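These notes concern the structure reproduced below.
Readers should treat all values here as calculations from the given coordinates under stated rules, not as data from a laboratory. Just so it is clear, the structure is predicted and the values come from calculations on it, not from any experiment. Cβ atoms come from the backbone with ideal geometry, glycine included; neighbour counts cover every protein chain shown.
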Amino acid sequence: MKEILRVEHLKKYFEKEVGFLRKKKKVYKAVNDVSFHIGEGETLGLVGESGCGKSTTGRMIVSLLRPTDGAIYYQGQDISLSMRNKDSRLEIKRNIQMIFQDAYASLDPRRTAEEAIFEALDIHKMCLDPQEREAYVNKIFSDSGLSMEQRKRYPHEFSGGQRQRIGIARAICLQPKLIICDEPVSALDVSVQAQIINNLERIQNLYGLSYLFISHDLSVVKHISDRIVVMYLGYIVEEAGKKELFEQPLHPYTQMLIRATPSLDPDVDKTQKLTIASNEKNSIDTSLIDVCCPFANRCPKAGEKCWSEVPKMKELEDGRKVRCHLY
Amino acid sequence: MTKLTDMKREKDSGQAQWEYLLEVEDLKTYFITKAGTGKAVDGVSFRLKKGEILGLIGESGSGKSVAVKSIMQIVPKPGRIVGGKVRFKGEDLLGDAKAIQRVRGKDMTMIFQEPMTSLNPVLTIGRQMTEGIMLHLHLKQKQAEDVACKYLEMVKIPNPQEILKRYPHHLSGGMRQRVMIAMALETNSSLLIADEPTTALDVTIQQQILALIRELRDRLNMGVIFITHDMGVINEISDHTAVMYCGKIQEYASTREVMKNPLHPYTQALIQAIPRIDTEQEELHTIPGSVPSLLNLPAGCSFSNRCQYACEQCKNETPELYDTGDGHFVRCWRYADTSTKEG
């Protein structure tokens, strides 16, 4: 499989001036060490709890944020270099698009659905002939599951699921190669969520797209992805194929996540789930970043080494990657 | 802590003339606006025993929140409770104007989805927790703080004394929700209404809160109404489940029965639409269309415009809630056909 995107040792620190006269600087380490790659036509799931830096990673890839350190390569080219030149910047931005969680916030309330798409086409000088544009927008709308008469409507006239479809239409209208989906279905009801997920999968086959699918919901990520990376406090703690990850999760955090996800099986043993929960210690502790294993305070298997040394990403014999002292 | 629960049991055994903790009968809450009348809750009936957890599931706009707000009589305007009965411990709450004031916030308490919006950001946790105790149990500040500490311990918050002096923004989301639960329990509440208490939380924290609610139920023998839109959560927590759609209960049965043998086409579709963590699926089942507006409901069965089994009768006549035996109720004309087709 040809590689489309590679991310190497990405870091993002946010600085905030605090204290009397804002003289001190406090550093928030949102993304600490993230490396992964996405192949052509592949869906990579990025899963983690709130505050783990998954959205920040996505925003850095679409250049909404500038990384503190590390590099992003699109088809072998360093994005930060391409950004200096206007033409290559447009080219990269056209090829990497994003779908946001809150479709309403990402749409201009004073522009109709078709105008949102026209704007993107104008910037990238695509389909300038009016007739050609008309046909093209119709095609994009029907591919995204919207009807023709909805073209002239404003965002507030749509339901949540339909707004997300406009978000999808706007993303695919530039014929991108990669779409960053940042929690696209989290705000939707289950019945609508299923429609959007199916639509995303259909579009992927139709347009030959790659997805980076960011979500906190393990079951959604499992459904849509080929490979999954699990993030915790700005670190990737485990990377594996979908099947391996769910059959045999290696990192204690992944194990905890999988067991904590509510199951639909009525015969599931609830008493076992209870003991997991009561064994569980404190919540996320950001002071552990760069000191020891960030998960040490919640890990049931934490040993002495976990409290003294930051674990490195290890590649095991069977090609699986995990960041844990146990392996 | 044992003392508290003992006290509670004695109190309860003294007045055991009622069989059900909460009986809701044909409850109707309408939103009367210029654009028309929205029947947010349209004839909801259910019963809740002591120590039972009832799961109320539905998509947004199904009326599940309005239903419990009607029970508490805190329906926002222009909503109005236009009919029905709510009997709490045998006492009719809708008939007597002062009855609700005696029990609301004391015997019947509620927690919400986002704890930060329910907590006052400029008051300490201690000040907010003791307010209810002082009002309802007529205790002094000092004693009230002791009670608050006991309950904070019960919801597994370390150093409760310390927490009482903190402000809500010092706490994490999971901790805040625990404080809310402690606050709901501290007046010896016998009915806890939880309106999507775990929706805003991460899965690991959600698991802790679910376990906590189950444990407290066992310990205090209280009734719980648990609202959620997540079938998985329902499966983990509730004893009975009511599925709501367009202001009506469409199906009611034990949770096991609902998950294993759903009879209503809506429940079936809902379960099939969820990506599952334990099995592999090719494509997700979808329900065509979206939830209709309350001002513009289809005639007959409110699910008829999205239902794959819909027939002429479904489009013209509104079905009743049938008892199919074993306490399994379903509001569908064709439930006999759907159950055979369900493989």
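In table form, for the structure just shown:
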read-out: Sequence of B:82, B:258 once ranked by neighbouring C-beta atoms within 10 Å, starting from the fewest; value: B:82, B:258
read-out: Fluctuation leader among A:21, A:212, A:128 - chain A, Gaussian network, Cα springs under 10 angstrom; value: A:21
read-out: Lys/Arg +1, Asp/Glu -1 at C-beta; segment A:3-322 dipole; positive extreme among A:48, A:316, A:204; value: A:48
read-out: Size of charge dipole - the protein assembly as shown - debye, nearest 20, with Cβ of Lys, Arg +1 and Asp, Glu -1, no other charges; value: 2300 debye
read-out: Normalised contact order of segment B:90-245, rounded percent, pairs of Cα under 8 Å and 6 or more residues apart; value: 27 percent
read-out: Hydrodynamic radius by Kirkwood, which averages 1/r over all alpha carbon pairs of the protein assembly as shown, in angstrom; value: 27.2 Å
read-out: Theoretical ellipticity at 222 nm over chain A - DSSP helices of four or more residues, -39500 (n - 2.57) apiece, nearest 500; value: -10000 deg cm²/dmol
read-out: Loop-exposed GluC sites (Glu not before Pro) per DSSP, neighbour cap 14 Cβ within 10 angstrom, longest uninterrupted part of chain A; value: A:1-308
read-out: Cubic angstrom per residue, convex hull over Cα atoms of segment B:24-155; value: 150 Å³
read-out: Linear extension gain, residue A:157 paired with residue A:104, 0.36 nm per residue minus alpha-carbon span; value: 18.0 nm
read-out: Alpha carbon convex hull of chain B, volume per residue in cubic angstrom; value: 152 Å³
read-out: Mean residue ellipticity (222 nm) of chain B, computed from DSSP H runs ≥ 4 via -39,500 (n - 2.57), nearest 500; value: -10500 deg cm²/dmol
read-out: Listed residues A:312, A:242, A:301, most fluctuating in chain A (Gaussian network, C-alpha, under 10 Å); value: A:301
read-out: Cross-link pairs A:222/B:156; B:50/B:85; B:39/B:315; B:89/B:315; A:177/A:314; A:54/A:139 - those with Cα-Cα distance over 28 Å; value: A:222/B:156; B:89/B:315; A:177/A:314; A:54/A:139
read-out: Nearest-20 debye value, chain B charge dipole, Cβ charges on Lys, Arg, Asp, Glu; value: 1320 debye
read-out: Trypsin sites (Lys or Arg not before Pro) lying in DSSP loop within segment A:116-155, provided at most 13 other Cβ fall within 10 Å; value: A:125, A:152
read-out: GNM top mover of A:68, A:57, A:254 - chain A, alpha-carbon springs below 10 Å; value: A:68
read-out: Against the rule of thumb 2.2 N^0.38 Å, how large the Cα Rg of segment B:71-126 comes out; value: 1.39
read-out: Helix B:125-137 axis, angle to chain B major axis (alpha carbon atoms, nearest 10°); value: 90 degrees
read-out: Label zone at residue B:35, where the point sits 7 Å out along the Cα-to-Cβ direction: segment A:134-160 residues whose backbone N lies under 18 Å; value: A:153-160
read-out: Total formal charge among the other residues, if their Cβ is under 14 angstrom from that of residue A:198, Lys/Arg +1 and Asp/Glu -1; value: -2
read-out: Dipole in debye (nearest 20) - segment A:3-322, about Cα centre, beta carbon charges: Lys, Arg +1; Asp, Glu -1; value: 1120 debye
read-out: Gain upon complete extension [residue A:316, residue A:21; 0.36 nm per residue less C-alpha separation]; value: 101.2 nm
read-out: Relative contact order (%) - criterion: Cα under 8 Å, at least six apart; region: chain A; value: 19 percent
read-out: Average other protein chain Cβ within 10 Å of Cβ, residues B:82-92; value: 0
read-out: Between 0 and 90°, nearest 10: helix B:173-185 axis offset from chain B longest Cα axis; value: 80 degrees
read-out: Mean-position separation - Cα centroids, segment A:1-34 and segment B:157-225, in angstrom; value: 33 Å
read-out: Ellipsoid semi-axes in whole angstrom, largest first, where each is sqrt(5λ) of the Cα gyration tensor of segment A:89-239; value: 27, 18, 14
read-out: Point-to-point label distance, residue A:3-residue B:170, nm (Cα→Cβ direction, 7 Å offset); value: 4.9 nm
read-out: Chain B - percent relative contact order, Cα under 8 Å, separation 6 or more; value: 19 percent
read-out: Around residue B:223: net Lys/Arg minus Asp/Glu count, Cβ-Cβ under 9 Å; value: +2
read-out: Rg [Å, one decimal], Dmax [Å, integer] - segment A:3-322, C-alpha atoms; value: 21.2, 69
